[in-house]
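The values are calculated or read from the model by the stated rules, or taken from the named source; none is laboratory data. Bear in mind that the values here come from a model prediction, so they are computed numbers and not experimental data. For neighbour counting, all protein chains shown are included, and Cβ atoms are generated from backbone atoms with ideal geometry for every residue, glycine included. Side chains included, ligands, DNA and RNA excluded: accessible areas come from the protein's heavy atoms. Shrake-Rupley method; radii C 1.70, N 1.55, O 1.52, S 1.80 Å.
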Amino acid sequence: MGDYQFLMLKDAITCINQKVNLFSVILDFTLPQRTKDYFCKLKVIDESHSEFWVPVHVFAQEIDGLPLVASVGDIIQLSRVTMTVHEGDVYAIFNNKFSSFALYDGKDGDSFHPYKVSLRFHAREHDERRIASLRKWLASSEVIDVPNFSLLREIDRVVCVNLACKVLHISKTTNDKWMIFLWDGTDAPPISIYNKLEDELHNPLPLHFEPLPPSRDVLCTFPTVGTILRVILDVDCVTYILQLLKVDQWMKFFHVFCKMHEGLWYGVFTSSSMIRDMPNDDILIFERQSNCDQRSLGELDRMPYWSCPWPSKITEVKRIDVPFSTLMDVLTCKKETNNFRCVVRFVAVIPWRVEDFRAPCGAYRVRFTLEDPTARIHAYAHAENGEEFFNCSSTDALKRKVIKLLGVPASRDGEAIMGGARNPPWVQCYLKSNPIKQRHWIFETKLLG
(Lines give C-alpha, C1' and ligand atoms only; values in the text may rest on other atoms or scores of the structure.)
Protein backbone atom coordinates (compact mmCIF):
# COMPACT_ATOMS: atom_id res chain seq x y z
CA MET A 1 0.00 0.00 0.00
CA GLY A 2 1.18 3.55 -0.74
CA ASP A 3 2.35 5.61 2.22
CA TYR A 4 -0.34 8.26 1.61
CA GLN A 5 -3.35 5.97 1.20
CA PHE A 6 -5.59 5.50 4.24
CA LEU A 7 -8.01 2.61 4.48
CA MET A 8 -11.32 2.31 6.25
CA LEU A 9 -11.31 -0.44 8.85
CA LYS A 10 -13.67 -2.67 6.89
CA ASP A 11 -11.08 -2.76 4.10
CA ALA A 12 -8.02 -2.90 6.37
CA ILE A 13 -9.15 -6.11 8.08
CA THR A 14 -8.91 -7.91 4.73
CA CYS A 15 -5.24 -6.91 4.23
CA ILE A 16 -3.70 -9.66 6.34
CA ASN A 17 0.11 -9.50 6.69
CA GLN A 18 0.16 -6.10 4.95
CA LYS A 19 1.15 -2.68 6.26
CA VAL A 20 -1.76 -0.21 6.21
CA ASN A 21 -2.53 3.37 7.20
CA LEU A 22 -5.59 4.13 9.36
CA PHE A 23 -7.54 7.10 10.70
CA SER A 24 -9.76 5.85 13.54
CA VAL A 25 -11.52 6.75 16.76
CA ILE A 26 -10.25 5.29 20.05
CA LEU A 27 -12.98 3.31 21.77
CA ASP A 28 -10.84 2.08 24.67
CA PHE A 29 -7.20 1.75 25.72
CA THR A 30 -5.06 0.25 28.45
CA LEU A 31 -2.36 1.77 30.61
CA PRO A 32 1.26 1.08 29.58
CA GLN A 33 2.65 -2.25 30.70
CA ARG A 34 6.27 -3.38 30.89
CA THR A 35 7.31 -6.70 29.39
CA LYS A 36 10.55 -6.78 27.39
CA ASP A 37 9.45 -3.47 25.88
CA TYR A 38 6.62 -1.11 26.79
CA PHE A 39 3.23 -2.20 25.56
CA CYS A 40 -0.38 -1.00 25.42
CA LYS A 41 -3.61 -1.96 23.64
CA LEU A 42 -6.11 0.22 21.80
CA LYS A 43 -9.57 -0.54 20.48
CA VAL A 44 -10.44 1.53 17.42
CA ILE A 45 -13.52 2.08 15.25
CA ASP A 46 -14.59 4.22 12.29
CA GLU A 47 -17.71 4.84 10.21
CA SER A 48 -17.23 1.63 8.27
CA HIS A 49 -16.73 -0.59 11.29
CA SER A 50 -18.62 0.98 14.21
CA GLU A 51 -20.36 -2.17 15.49
CA PHE A 52 -17.11 -4.09 16.04
CA TRP A 53 -13.83 -2.65 17.22
CA VAL A 54 -10.39 -3.59 15.91
CA PRO A 55 -7.57 -4.14 18.43
CA VAL A 56 -4.22 -2.40 17.99
CA HIS A 57 -1.19 -3.72 19.86
CA VAL A 58 1.50 -1.07 20.33
CA PHE A 59 5.12 -1.82 21.23
CA ALA A 60 7.85 0.72 22.03
CA GLN A 61 11.26 0.70 23.67
CA GLU A 62 10.41 3.72 25.85
CA ILE A 63 7.12 4.67 27.50
CA ASP A 64 7.09 7.99 25.62
CA GLY A 65 6.99 6.01 22.39
CA LEU A 66 3.46 4.81 23.21
CA PRO A 67 0.28 6.69 22.24
CA LEU A 68 -0.60 8.01 25.70
CA VAL A 69 -4.26 8.76 25.01
CA ALA A 70 -5.94 11.67 26.79
CA SER A 71 -9.52 10.45 26.41
CA VAL A 72 -11.75 7.80 24.90
CA GLY A 73 -13.22 9.26 21.70
CA ASP A 74 -9.96 10.88 20.59
CA ILE A 75 -8.74 10.32 17.04
CA ILE A 76 -5.60 8.42 16.11
CA GLN A 77 -3.69 8.36 12.86
CA LEU A 78 -1.73 5.13 12.40
CA SER A 79 0.81 4.66 9.61
CA ARG A 80 2.41 1.40 8.50
CA VAL A 81 0.78 -0.89 11.04
CA THR A 82 0.69 -4.58 10.16
CA MET A 83 -2.66 -6.37 9.98
CA THR A 84 -2.43 -9.79 11.61
CA VAL A 85 -4.82 -12.62 12.37
CA HIS A 86 -4.62 -14.95 15.36
CA GLU A 87 -7.20 -17.67 16.06
CA GLY A 88 -9.64 -15.93 13.77
CA ASP A 89 -9.27 -12.47 15.35
CA VAL A 90 -7.84 -9.67 13.22
CA TYR A 91 -5.76 -6.94 14.85
CA ALA A 92 -3.10 -4.37 13.96
CA ILE A 93 0.46 -4.37 15.26
CA PHE A 94 2.35 -1.12 15.74
CA ASN A 95 6.13 -1.50 15.61
CA ASN A 96 8.07 1.66 16.41
CA LYS A 97 10.85 0.63 14.01
CA PHE A 98 8.66 1.55 11.05
CA SER A 99 5.16 2.54 12.31
CA SER A 100 4.05 6.02 13.40
CA PHE A 101 1.06 7.63 15.11
CA ALA A 102 -0.54 10.99 15.86
CA LEU A 103 -3.25 11.73 18.44
CA TYR A 104 -5.93 14.40 18.02
CA ASP A 105 -8.78 15.65 20.21
CA GLY A 106 -12.15 14.00 19.49
CA LYS A 107 -15.50 15.50 18.58
CA ASP A 108 -15.12 18.59 20.80
CA GLY A 109 -11.70 19.47 19.41
CA ASP A 110 -11.18 22.54 17.23
CA SER A 111 -7.50 22.09 16.43
CA PHE A 112 -6.02 20.01 13.64
CA HIS A 113 -2.65 19.86 15.36
CA PRO A 114 -1.92 16.55 17.13
CA TYR A 115 -1.36 16.65 20.89
CA LYS A 116 1.12 13.76 20.69
CA VAL A 117 3.08 12.22 17.82
CA SER A 118 5.69 9.52 17.38
CA LEU A 119 9.14 10.14 15.99
CA ARG A 120 8.37 8.98 12.45
CA PHE A 121 5.15 10.93 12.05
CA HIS A 122 4.73 13.19 9.03
CA ALA A 123 1.61 15.30 8.49
CA ARG A 124 -0.16 14.83 5.16
CA GLU A 125 -2.12 17.17 2.97
CA HIS A 126 -5.54 15.58 3.51
CA ASP A 127 -5.24 14.90 7.26
CA GLU A 128 -7.48 17.82 8.27
CA ARG A 129 -10.29 16.67 6.00
CA ARG A 130 -10.27 13.19 7.52
CA ILE A 131 -10.14 14.53 11.11
CA ALA A 132 -13.09 16.84 10.40
CA SER A 133 -15.03 13.93 8.89
CA LEU A 134 -14.49 11.72 11.96
CA ARG A 135 -15.46 14.57 14.34
CA LYS A 136 -18.66 15.14 12.39
CA TRP A 137 -19.46 11.42 12.57
CA LEU A 138 -18.79 11.33 16.32
CA ALA A 139 -21.04 14.35 16.92
CA SER A 140 -23.96 12.74 15.07
CA SER A 141 -23.57 9.21 16.45
CA GLU A 142 -23.65 7.50 19.86
CA VAL A 143 -20.79 5.08 19.36
CA ILE A 144 -18.90 6.49 22.36
CA ASP A 145 -20.87 5.71 25.49
CA VAL A 146 -21.08 8.41 28.15
CA PRO A 147 -20.03 6.56 31.34
CA ASN A 148 -21.86 6.87 34.62
CA PHE A 149 -19.95 8.36 37.53
CA SER A 150 -20.77 7.30 41.07
CA LEU A 151 -20.68 9.51 44.14
CA LEU A 152 -18.77 8.13 47.10
CA ARG A 153 -22.05 7.95 49.04
CA GLU A 154 -23.43 5.59 46.34
CA ILE A 155 -20.80 2.88 46.94
CA ASP A 156 -22.67 0.17 48.83
CA ARG A 157 -20.51 -2.90 48.23
CA VAL A 158 -17.14 -4.06 46.91
CA VAL A 159 -17.45 -2.94 43.30
CA CYS A 160 -15.65 -1.40 40.33
CA VAL A 161 -16.77 2.22 39.77
CA ASN A 162 -16.08 5.40 37.82
CA LEU A 163 -15.44 8.44 40.02
CA ALA A 164 -15.24 12.19 39.42
CA CYS A 165 -13.17 13.49 42.34
CA LYS A 166 -10.78 16.17 43.44
CA VAL A 167 -7.20 15.01 44.04
CA LEU A 168 -6.31 16.29 47.52
CA HIS A 169 -2.95 14.66 48.18
CA ILE A 170 -0.45 12.09 46.89
CA SER A 171 1.94 10.24 49.19
CA LYS A 172 4.21 7.23 49.37
CA THR A 173 3.38 4.88 52.22
CA THR A 174 5.81 3.08 54.51
CA ASN A 175 5.24 -0.15 52.55
CA ASP A 176 6.51 1.60 49.39
CA LYS A 177 3.08 1.99 47.79
CA TRP A 178 1.82 5.22 46.28
CA MET A 179 -1.55 6.44 47.51
CA ILE A 180 -3.85 9.19 46.28
CA PHE A 181 -6.50 10.93 48.39
CA LEU A 182 -9.77 11.58 46.51
CA TRP A 183 -12.82 13.59 47.57
CA ASP A 184 -16.19 14.51 46.03
CA GLY A 185 -17.91 16.13 49.03
CA THR A 186 -20.25 13.21 49.83
CA ASP A 187 -20.31 10.75 52.74
CA ALA A 188 -19.39 7.14 51.99
CA PRO A 189 -21.82 4.72 53.68
CA PRO A 190 -20.97 3.19 57.06
CA ILE A 191 -19.64 -0.36 57.07
CA SER A 192 -20.50 -3.20 59.42
CA ILE A 193 -17.78 -3.90 61.98
CA TYR A 194 -16.67 -7.54 62.19
CA ASN A 195 -13.81 -7.12 64.67
CA LYS A 196 -14.52 -8.74 68.01
CA LEU A 197 -14.76 -6.39 70.98
CA GLU A 198 -12.36 -8.51 72.98
CA ASP A 199 -9.66 -8.17 70.27
CA GLU A 200 -9.47 -4.38 70.47
CA LEU A 201 -6.64 -4.28 73.02
CA HIS A 202 -4.17 -6.35 70.97
CA ASN A 203 -5.61 -5.78 67.46
CA PRO A 204 -7.27 -2.36 67.53
CA LEU A 205 -9.37 -0.93 64.73
CA PRO A 206 -7.12 1.41 62.68
CA LEU A 207 -7.86 5.12 62.78
CA HIS A 208 -6.95 5.42 59.08
CA PHE A 209 -6.29 3.11 56.16
CA GLU A 210 -2.71 4.23 55.45
CA PRO A 211 0.09 2.95 57.76
CA LEU A 212 0.93 6.51 58.85
CA PRO A 213 -1.50 9.45 58.56
CA PRO A 214 -0.65 12.66 56.70
CA SER A 215 1.07 15.35 58.74
CA ARG A 216 -1.13 17.85 60.55
CA ASP A 217 -0.08 20.53 58.05
CA VAL A 218 -1.37 18.38 55.20
CA LEU A 219 -4.48 17.33 57.13
CA CYS A 220 -5.42 20.98 57.66
CA THR A 221 -5.59 21.48 53.88
CA PHE A 222 -8.32 18.83 53.53
CA PRO A 223 -12.06 19.61 53.37
CA THR A 224 -13.84 18.98 56.66
CA VAL A 225 -17.05 17.52 55.20
CA GLY A 226 -17.26 14.43 53.02
CA THR A 227 -15.29 11.18 52.92
CA ILE A 228 -11.69 11.21 51.67
CA LEU A 229 -11.09 7.96 49.78
CA ARG A 230 -7.57 6.52 49.91
CA VAL A 231 -6.67 4.85 46.60
CA ILE A 232 -3.63 2.58 46.19
CA LEU A 233 -1.77 2.68 42.85
CA ASP A 234 -1.33 -1.01 42.01
CA VAL A 235 0.25 -0.63 38.56
CA ASP A 236 3.67 -1.12 36.99
CA CYS A 237 3.75 2.32 35.36
CA VAL A 238 3.48 4.34 38.59
CA THR A 239 5.74 7.11 37.25
CA TYR A 240 3.43 7.62 34.27
CA ILE A 241 0.32 7.77 36.51
CA LEU A 242 1.99 10.25 38.88
CA GLN A 243 2.71 12.51 35.90
CA LEU A 244 -1.00 12.50 35.00
CA LEU A 245 -2.24 13.29 38.52
CA LYS A 246 -2.74 16.94 39.46
CA VAL A 247 -3.16 17.85 43.13
CA ASP A 248 -6.05 20.22 43.87
CA GLN A 249 -7.65 19.45 40.48
CA TRP A 250 -10.82 17.53 39.64
CA MET A 251 -10.20 14.40 37.57
CA LYS A 252 -12.13 11.40 36.27
CA PHE A 253 -11.13 7.92 37.42
CA PHE A 254 -12.40 4.87 35.54
CA HIS A 255 -12.61 1.27 36.77
CA VAL A 256 -11.44 1.88 40.34
CA PHE A 257 -12.03 -1.06 42.67
CA CYS A 258 -13.65 0.04 45.94
CA LYS A 259 -12.99 -2.32 48.84
CA MET A 260 -13.34 -2.49 52.63
CA HIS A 261 -10.74 -2.93 55.34
CA GLU A 262 -11.77 -3.09 59.02
CA GLY A 263 -14.72 -0.79 58.49
CA LEU A 264 -12.88 1.67 56.20
CA TRP A 265 -13.41 2.21 52.47
CA TYR A 266 -10.39 2.29 50.16
CA GLY A 267 -9.79 2.06 46.42
CA VAL A 268 -7.35 0.23 44.16
CA PHE A 269 -6.17 1.68 40.86
CA THR A 270 -5.11 -1.25 38.64
CA SER A 271 -3.82 -1.74 35.10
CA SER A 272 -7.46 -1.73 33.91
CA SER A 273 -8.11 1.68 35.52
CA MET A 274 -7.79 5.00 33.69
CA ILE A 275 -7.47 8.73 34.46
CA ARG A 276 -8.83 11.73 32.55
CA ASP A 277 -8.56 15.47 33.04
CA MET A 278 -11.77 17.42 33.59
CA PRO A 279 -12.42 20.89 32.17
CA ASN A 280 -13.23 23.49 34.81
CA ASP A 281 -16.76 23.93 33.42
CA ASP A 282 -17.64 20.21 33.62
CA ILE A 283 -21.16 19.79 35.03
CA LEU A 284 -19.92 17.02 37.35
CA ILE A 285 -17.62 19.48 39.12
CA PHE A 286 -20.41 22.03 39.46
CA GLU A 287 -22.81 19.48 40.96
CA ARG A 288 -20.31 18.16 43.48
CA GLN A 289 -18.96 21.54 44.52
CA SER A 290 -22.47 23.00 44.90
CA ASN A 291 -23.53 20.14 47.18
CA CYS A 292 -20.41 20.61 49.29
CA ASP A 293 -20.88 24.40 49.53
CA GLN A 294 -24.42 23.88 50.82
CA ARG A 295 -23.20 21.41 53.46
CA SER A 296 -20.53 23.83 54.64
CA LEU A 297 -23.11 26.57 55.24
CA GLY A 298 -25.88 24.70 57.03
CA GLU A 299 -25.78 23.58 60.65
CA LEU A 300 -27.64 20.30 60.12
CA ASP A 301 -25.85 19.61 56.84
CA ARG A 302 -22.65 18.87 58.76
CA MET A 303 -24.36 15.84 60.24
CA PRO A 304 -23.49 12.59 58.43
CA TYR A 305 -25.76 11.95 55.46
CA TRP A 306 -26.46 8.48 56.86
CA SER A 307 -27.71 9.77 60.23
CA CYS A 308 -30.73 11.52 58.70
CA PRO A 309 -33.36 12.43 59.63
CA TRP A 310 -31.93 12.44 63.18
CA PRO A 311 -29.45 10.44 65.26
CA SER A 312 -30.50 7.77 67.72
CA LYS A 313 -31.72 9.04 71.08
CA ILE A 314 -29.66 6.63 73.16
CA THR A 315 -27.36 9.55 74.00
CA GLU A 316 -28.18 13.05 75.17
CA VAL A 317 -26.01 16.18 75.08
CA LYS A 318 -26.53 19.15 77.38
CA ARG A 319 -25.66 21.92 74.96
CA ILE A 320 -27.99 21.65 71.97
CA ASP A 321 -27.28 25.26 71.00
CA VAL A 322 -23.80 24.31 69.72
CA PRO A 323 -23.70 23.72 65.92
CA PHE A 324 -22.70 20.29 64.63
CA SER A 325 -19.10 19.58 63.64
CA THR A 326 -17.44 16.68 61.83
CA LEU A 327 -14.51 14.73 63.25
CA MET A 328 -12.35 16.35 60.56
CA ASP A 329 -13.38 19.70 62.06
CA VAL A 330 -12.10 18.35 65.37
CA LEU A 331 -8.78 17.11 63.95
CA THR A 332 -8.00 20.31 62.02
CA CYS A 333 -9.09 22.88 64.60
CA LYS A 334 -6.34 25.44 65.11
CA LYS A 335 -7.27 26.24 68.72
CA GLU A 336 -5.33 24.48 71.45
CA THR A 337 -8.57 23.35 73.13
CA ASN A 338 -12.11 23.51 71.86
CA ASN A 339 -15.51 21.87 72.30
CA PHE A 340 -17.46 20.13 69.54
CA ARG A 341 -20.92 18.64 69.12
CA CYS A 342 -20.64 15.67 66.75
CA VAL A 343 -22.76 12.85 65.35
CA VAL A 344 -20.67 9.67 65.44
CA ARG A 345 -20.65 5.89 65.72
CA PHE A 346 -18.98 4.19 68.70
CA VAL A 347 -17.16 1.33 66.94
CA ALA A 348 -14.76 0.00 69.60
CA VAL A 349 -13.93 0.24 73.29
CA ILE A 350 -11.04 -0.52 75.68
CA PRO A 351 -11.48 -2.27 78.04
CA TRP A 352 -14.22 -4.30 76.43
CA ARG A 353 -15.69 -5.70 79.67
CA VAL A 354 -17.97 -3.29 81.54
CA GLU A 355 -16.66 -4.75 84.81
CA ASP A 356 -13.21 -3.33 83.93
CA PHE A 357 -14.36 0.21 83.09
CA ARG A 358 -13.22 1.51 86.49
CA ALA A 359 -9.60 1.77 87.63
CA PRO A 360 -8.63 0.30 91.03
CA CYS A 361 -9.15 3.77 92.49
CA GLY A 362 -12.80 3.62 91.38
CA ALA A 363 -12.62 6.24 88.61
CA TYR A 364 -13.78 5.48 85.07
CA ARG A 365 -10.97 5.00 82.52
CA VAL A 366 -12.45 4.01 79.14
CA ARG A 367 -11.24 4.65 75.59
CA PHE A 368 -13.74 4.60 72.73
CA THR A 369 -13.07 4.65 69.00
CA LEU A 370 -15.46 7.07 67.30
CA GLU A 371 -16.06 7.46 63.59
CA ASP A 372 -18.02 9.57 61.15
CA PRO A 373 -17.66 9.75 57.33
CA THR A 374 -14.66 12.08 57.63
CA ALA A 375 -12.40 10.43 60.23
CA ARG A 376 -11.86 8.13 63.20
CA ILE A 377 -10.54 9.23 66.57
CA HIS A 378 -9.97 7.89 70.08
CA ALA A 379 -12.03 9.64 72.75
CA TYR A 380 -11.87 9.03 76.49
CA ALA A 381 -14.55 8.80 79.17
CA HIS A 382 -12.58 9.49 82.35
CA ALA A 383 -13.36 10.17 85.99
CA GLU A 384 -16.28 12.58 86.50
CA ASN A 385 -16.92 12.80 82.73
CA GLY A 386 -17.25 9.02 82.74
CA GLU A 387 -19.68 9.17 85.66
CA GLU A 388 -21.84 11.61 83.70
CA PHE A 389 -21.63 9.64 80.45
CA PHE A 390 -22.35 6.15 81.75
CA ASN A 391 -25.11 7.47 84.02
CA CYS A 392 -25.71 4.10 85.66
CA SER A 393 -25.27 2.35 89.00
CA SER A 394 -26.10 -1.20 87.89
CA THR A 395 -23.50 -3.25 85.99
CA ASP A 396 -26.19 -5.19 84.11
CA ALA A 397 -27.95 -1.99 83.05
CA LEU A 398 -24.64 -0.50 81.88
CA LYS A 399 -23.89 -3.65 79.87
CA ARG A 400 -27.18 -3.29 78.02
CA LYS A 401 -26.45 0.36 77.26
CA VAL A 402 -22.92 -0.26 76.01
CA ILE A 403 -23.98 -3.24 73.88
CA LYS A 404 -26.59 -1.06 72.18
CA LEU A 405 -24.10 1.80 71.76
CA LEU A 406 -21.57 -0.49 70.06
CA GLY A 407 -24.16 -2.04 67.74
CA VAL A 408 -23.91 -5.58 69.09
CA PRO A 409 -26.87 -7.59 67.73
CA ALA A 410 -29.29 -9.04 70.24
CA SER A 411 -31.49 -12.14 70.26
CA ARG A 412 -35.29 -11.99 70.65
CA ASP A 413 -34.98 -12.22 74.41
CA GLY A 414 -32.49 -9.33 74.46
CA GLU A 415 -29.30 -11.35 74.95
CA ALA A 416 -26.22 -10.02 73.13
CA ILE A 417 -24.96 -12.09 70.17
CA MET A 418 -21.20 -11.68 70.41
CA GLY A 419 -18.87 -12.27 67.44
CA GLY A 420 -21.21 -11.23 64.62
CA ALA A 421 -21.36 -8.10 62.50
CA ARG A 422 -21.96 -4.91 64.46
CA ASN A 423 -23.79 -1.84 63.15
CA PRO A 424 -23.41 0.91 65.76
CA PRO A 425 -26.12 3.59 65.65
CA TRP A 426 -25.43 7.24 64.88
CA VAL A 427 -25.51 9.19 68.15
CA GLN A 428 -24.78 12.69 69.38
CA CYS A 429 -21.66 13.25 71.43
CA TYR A 430 -20.04 16.33 72.95
CA LEU A 431 -16.25 16.39 72.82
CA LYS A 432 -13.57 18.44 74.51
CA SER A 433 -10.54 18.32 72.27
CA ASN A 434 -6.89 19.27 72.09
CA PRO A 435 -6.32 18.83 68.34
CA ILE A 436 -2.63 19.73 68.57
CA LYS A 437 -1.92 16.81 70.92
CA GLN A 438 -4.69 14.69 69.37
CA ARG A 439 -6.40 14.11 72.72
CA HIS A 440 -10.18 14.03 72.92
CA TRP A 441 -12.59 13.55 75.85
CA ILE A 442 -16.30 12.81 76.03
CA PHE A 443 -18.09 15.22 78.34
CA GLU A 444 -21.51 16.77 78.93
CA THR A 445 -22.96 13.67 77.23
CA LYS A 446 -25.24 11.09 78.83
CA LEU A 447 -25.77 7.47 77.71
CA LEU A 448 -29.48 6.75 78.05
CA GLY A 449 -29.75 3.26 76.63
In whole angstrom, note down how far apart the Cα centers of segment 1-76 and segment 310-339 are. 56
So, R0 is 25 Å and r is the distance between the beta-carbons of GLU142 and ASP110; what FRET efficiency does that work out to, to 0.05? 0.70
Per the rule of 0.36 nm per residue minus the C-alpha distance, extending HIS86 to LEU201 adds in nm 35.5 nm
Taking all protein chains as present, what is the carbon and sulfur share of the accessible area of segment 305-447, in % to the nearest whole number, probe 1.4 Å? 50
Quick one: what are the phi-derived ³J(HN,Hα) couplings along segment 240-253, Karplus 6.51/-1.76/1.60 with θ = phi - 60°, whole Hz, x for glycine and proline? 5, 5, 4, 5, 7, 6, 10, 5, 6, 10, 7, 9, 9, 10
May I ask you to list the chymotrypsin sites (Phe, Trp or Tyr not before Pro) in segment 6-72 that are in a DSSP loop and have at most 14 other Cβ atoms within 10 Å of their Cβ? PHE52
From phi via Karplus (6.51, -1.76, 1.60), per-residue ³J(HN,Hα) for segment 14-20 in Hz, x at Gly/Pro: 8, 9, 5, 6, 10, 8, 10
Taking all protein chains together and a probe of 1.4 Å, list ASP248, ASP127 from the most accessible to the least accessible. ASP248, ASP127
Those residues of segment 369-390 whose amide nitrogen sits under 17 Å from the label point placed on LEU448, 7 Å along Cα→Cβ: 388-390
Accessible area of ASP145, 1.4 Å probe, to the nearest 10 Å²? 120
C-alpha center-to-center spacing [segment 88-111, segment 416-449] in angstrom: 57
Nearest 20 debye, what's the magnitude of the dipole of the chain about its Cα centre given +1 on Lys and Arg Cβ and -1 on Asp and Glu Cβ? 1040
As a test of reading the structure, rank TYR115, TYR194 by solvent-accessible area (1.4 Å probe, protein chains only), most first. TYR194, TYR115
Would you mind calculating the gained length between GLN294 and GLU62 on full extension (0.36 nm times residue separation, minus the Cα-Cα distance), in nm to one decimal? 78.8 nm
What FRET efficiency comes out for the pair GLN33/ARG216, r = Cβ-Cβ distance, R0 = 41 Å, nearest 0.05? 0.60
Residues of segment 78-104 with backbone N under 18 Å of the label point set 7 Å from the Cα of ALA123 along Cα→Cβ are 78-79, 100-104
Pick out which of ASP372, ASP329, ASP217 has the largest mean-square fluctuation in a Gaussian network model of the chain, springs linking Cα atoms closer than 10 Å. ASP217
Please list, in order along segment 51-58, the HN-Hα scalar couplings obtained from phi with the Karplus expression 6.51 cos²θ - 1.76 cosθ + 1.60 (θ = phi - 60°), rounded to whole Hz, x for Gly and Pro. 7, 10, 8, 10, x, 10, 9, 10
Excluding ligands and nucleic acids, what accessible area in Å² is computed for HIS261 using a 1.4 Å probe, to the nearest 10? 70
Rounded if a/c is under 1.5, else prolate if a/b beats b/c, else oblate: with a ≥ b ≥ c from the C-alpha gyration tensor eigenvalues square-rooted, which is segment 305-447? oblate
Explain nothing, just the number: relative contact order of the chain, from Cα pairs under 8 Å at least 6 residues apart, as a whole percent. 12
Given the pairs LYS172/LYS252; LYS19/LYS177; LYS404/LYS432; LYS107/LYS259; LYS36/LYS136; LYS41/LYS172, which are separated by over 30 angstrom at their Cα positions? LYS19/LYS177; LYS107/LYS259; LYS36/LYS136
Where does each of THR369, THR224 land when they are ordered by accessible area, with a 1.4 Å probe and the largest first? THR224, THR369
What accessible area per residue comes out for the chain, rounded to a whole number of Å², with a 1.4 Å probe? 50
